Amino acid sequence: MKLKMLFAALLMSGATFAQTTDDPVIMTINGEPVLRSEYEYFFNKNNSEGVIDKKTVEEYVDLFVNYKLQVAAALDAKIDTLKSYNDEFRQYRDQQIRPLLVTDDDMEREAHKIYDDAAKRIGPDGLIQTAHILIRANQQASQAEWDAAKVRIDSIYKALKGGADFAELAKQVSQDPGSARQGGLLPFVQRGQLVKEYEDAAYALQPGEMSGVVQSPFGYHIILMKERKQFEPFEFHRDNILRFMEQRNMRDNIASQKIDSLVAANPKGLTKEQMMDEKSDEFAAKDMELKYLIREYHDGLLLYEIKNMNVWDKGAKDEKGLARYFKKHKKNYAWDEPRFKGMAYHVKDEADIKAVKDCVKKLDFNKWADKLRTTFNADSVLRIRVEKGIFKKGDNALVDSVVFKKDTTVTKVKDYPFDAVYGKILKKGPETYQDVRGQVVSDYQEQLEKEWIAQLRRKYTFKVNEEVLKTVNKH
């Protein structure tokens, strides 16, 4: 799914175009008219700032026609009727449509609701900010420990009454490390956020007043009231609430609620999918850029599926075709310097050097890895470490030293003291397409695509209105 979404996204990198009431047909493809605005949308998107291989309006025609022909082939293959396709398309499309269902007024109403709920919870007692000094004695502590804590808190209280600075003393002796670093200061809280014993004592204080010794399940506290205030009005908190709503993706929750309401109130008995289809058409009719963006999702996913069927998957799995292509174009894969086709390996036991060679010497190269794993590393004890591949100079120090006779330092592998290589030097180029499979697959797929596009151009009709083409981005 992520690959498909990336492929679709590559088709739509932020284009803008001029929408006018005069939007003539710029070309007809397989009997379907294409408006100038659509061509402009795709052209401007694919030739924006940062694009390396920019095309002129005329040069872009072939690319656009090829794109539309592939979409026509996908429609003929009825890919758009598959449930899997439609589910995926709607998912991407709805990511664009759902936010449009939520207005600024919707967000404002929800923000007021959040504020009102918070104000109700805070109540008439408002918010308080306190500082405290804590000497710990939890509920499982012995009476002796509680008595010792009481003696200590009493001495601290006496010092405070004698004029000691509360913040400095909190930093020195409080056993609540989080607040102690702040001179005992705690954040603003409302009723219900503190243990009852602390809360009752704190709410009885006025700013600047200090409590006596207060016992709670955590030990003994001395509380200093720093500030009391009523909950500020909505406008004071509005921006923070809206920011909070965006961070929590509440816009999407509101969209879900609106969709449910629209479905419930609709006299035609539409499903959620049908309602979103209807809303998509409604928004696209008012916003041409959105219309083409949705079309890109639609056509991009079609293009991915049809191209996978005719080019990518087909080319990657056609082993006979790959072999034929390699044989015909073998000179294109020649090397400018020899390669070593084999492995560099490290063993615990010197006897395994020969055992490894004997294990694979009669096997095809692509079967070496499985055979070595099942023979030498089948249990929890790994007998060998292997790096297998086609190496050029500089790829592997052991290969460089043993095969290419370069003066280089080979770093020993811990616990595997014996090093060896096995394989052969290929002087002119790869033996089979498997030796350069990735490059051959890519080249073969490119050939398949060219052949397929040529077939589509013969199968479907298309005609470009040259006069309208001259007006692109000039009206």
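The values are calculated or read from the model by the stated rules, or taken from the named source; none is laboratory data. Every value quoted in this text rests on a predicted model; they were computed, and no experiment measured them. Virtual Cβ from ideal backbone geometry, glycine too; neighbours counted across all protein chains shown.
Just wondering, is there one or more residues in the range 166-189 that are touching a residue at least 40 places away in the same chain (Cβ under 8 Å), surrounded by 12 or more Cβ atoms within 10 Å (Cβ to Cβ) and at positive phi?
Yes: one or more hits.
Which numbered condition trips up residue 388, out of (1) assigned to a helix (DSSP H, G or I); (2) within 21 Å of residue 350 (Cβ to Cβ); (3) among the basic types (Lys, Arg)?
All conditions are met except number (1).
Confirm whether residue 163 is touching a Lys or Arg at 6+ places or on another chain (Cβ under 8 Å) and assigned to a loop (DSSP other than H, G, I, E, B). Outline the logic, then answer.
Details: touching a Lys or Arg at 6+ places or on another chain (Cβ under 8 Å): no; assigned to a loop (DSSP other than H, G, I, E, B): yes.
Against the criterion (touching a Lys or Arg at 6+ places or on another chain (Cβ under 8 Å) and assigned to a loop (DSSP other than H, G, I, E, B)), residue 163 does not qualify.
Please count how many residues of the range 58-99 are surrounded by 13 or more Cβ atoms within 10 Å (Cβ to Cβ), closer than 30 Å to residue 258 by Cα and among the basic types (Lys, Arg).
Residues that pass the stated criteria total 3.
Is at least one residue of the range 49-57 basic (Lys, Arg), without any contact (Cβ under 8 Å) to a residue 24 or more places away in the chain and surrounded by 15 or more Cβ atoms within 10 Å (Cβ to Cβ)?
Narrowing the range 49-57 to residues basic (Lys, Arg): 54-55.
If we keep only those that are without any contact (Cβ under 8 Å) to a residue 24 or more places away in the chain too, we end up with 54-55.
With surrounded by 15 or more Cβ atoms within 10 Å (Cβ to Cβ) added as a condition, the list becomes 55.
Scanning the range 49-57, I find at least one residue that is basic (Lys, Arg), without any contact (Cβ under 8 Å) to a residue 24 or more places away in the chain and surrounded by 15 or more Cβ atoms within 10 Å (Cβ to Cβ), so the answer is yes.
Enumerate the pairs (first residue in the range 437-463 and of a type in the set (Asp, Glu); second residue anywhere and assigned to a helix (DSSP H, G or I) and surrounded by fewer than 17 Cβ atoms within 10 Å (Cβ to Cβ)) with beta-carbon separation below 8 Å, excluding pairs fewer than 6 apart on the same chain, so at least 6 apart or on different chains.
443/332
Could you tell me whether the range 446-459 includes any residue that is out of contact with any strand residue (DSSP E or B) (no Cβ under 8 Å at 6 or more places or on another chain) and under 27 Å from residue 337 (Cα atoms)? Can you show your working first?
Within the range 446-459, the subset out of contact with any strand residue (DSSP E or B) (no Cβ under 8 Å at 6 or more places or on another chain) is 446-459.
After this cut, where a residue has to be under 27 Å from residue 337 (Cα atoms) as well, the list is 446.
Yes, some residue in the range 446-459 is out of contact with any strand residue (DSSP E or B) (no Cβ under 8 Å at 6 or more places or on another chain) and under 27 Å from residue 337 (Cα atoms).
Evaluate the range 427-448: report whether one residue or more is surrounded by 16 or more Cβ atoms within 10 Å (Cβ to Cβ) and part of a strand (DSSP E or B).
No: the range 427-448 contains no residue that is surrounded by 16 or more Cβ atoms within 10 Å (Cβ to Cβ) and part of a strand (DSSP E or B).
Hey, any hits in the range 20-31 for a residue that's at pLDDT below 95, hydroxyl-bearing (Ser, Thr, Tyr) and on the phi < 0 side of the Ramachandran plot?
yes
From the set of residues in the range 460-475 that are among the aliphatic types (A, V, I, L, M) and touching a strand residue (DSSP E or B) at 6+ places or on another chain (Cβ under 7 Å), which is surrounded by the fewest Cβ atoms within 10 Å (Cβ to Cβ)? Break it down into steps so the answer makes sense when it comes.
Our first condition is that a residue be among the aliphatic types (A, V, I, L, M); within the range 460-475, this holds for 464, 468-469, 472.
From the residues that got through so far, the ones that are touching a strand residue (DSSP E or B) at 6+ places or on another chain (Cβ under 7 Å) too are 464, 468-469.
Values: 464: 18, 468: 18, 469: 16.
Checking each candidate, the answer is 469.
Tell me which of these residue 199 doesn't satisfy, since it passes every other one: (1) of a type outside the set (A, V, I, L, M); (2) surrounded by 18 or more Cβ atoms within 10 Å (Cβ to Cβ); (3) touching a Lys or Arg at 6+ places or on another chain (Cβ under 8 Å); (4) over 27 Å from residue 124 (Cα atoms).
Here residue 199 clears every test but (4).
Looking at (1) closer than 17 Å to residue 435 by Cβ; (2) without any contact (Cβ under 8 Å) to a residue 40 or more places away in the chain, which one does residue 377 not meet, given that it meets all the others?
Going through (1) closer than 17 Å to residue 435 by Cβ; (2) without any contact (Cβ under 8 Å) to a residue 40 or more places away in the chain one by one, residue 377 breaks only (1).
So which residues in the range 358-377 are closer than 18 Å to residue 417 by Cβ and not aromatic (Phe, Trp, Tyr), if there are any at all?
Applying the first criterion (closer than 18 Å to residue 417 by Cβ) to the range 358-377 yields 376-377.
Selection gives 377 alone.
Among 424, 428, 450, which is the only one that is modelled with pLDDT under 95 and not β-branched (Val, Ile, Thr)? Show your work before the answer.
Values: 424 fails: modelled with pLDDT under 95; 450 fails: modelled with pLDDT under 95.
So the residue among 424, 428, 450 that is modelled with pLDDT under 95 and not β-branched (Val, Ile, Thr) is 428.
I need the full set of residues from the range 99-148 which are under 25 Å from residue 187 (Cα atoms) and in a helix (DSSP H, G or I), in order please.
111, 112, 113, 114, 115, 116, 117, 118, 119, 120, 121, 122
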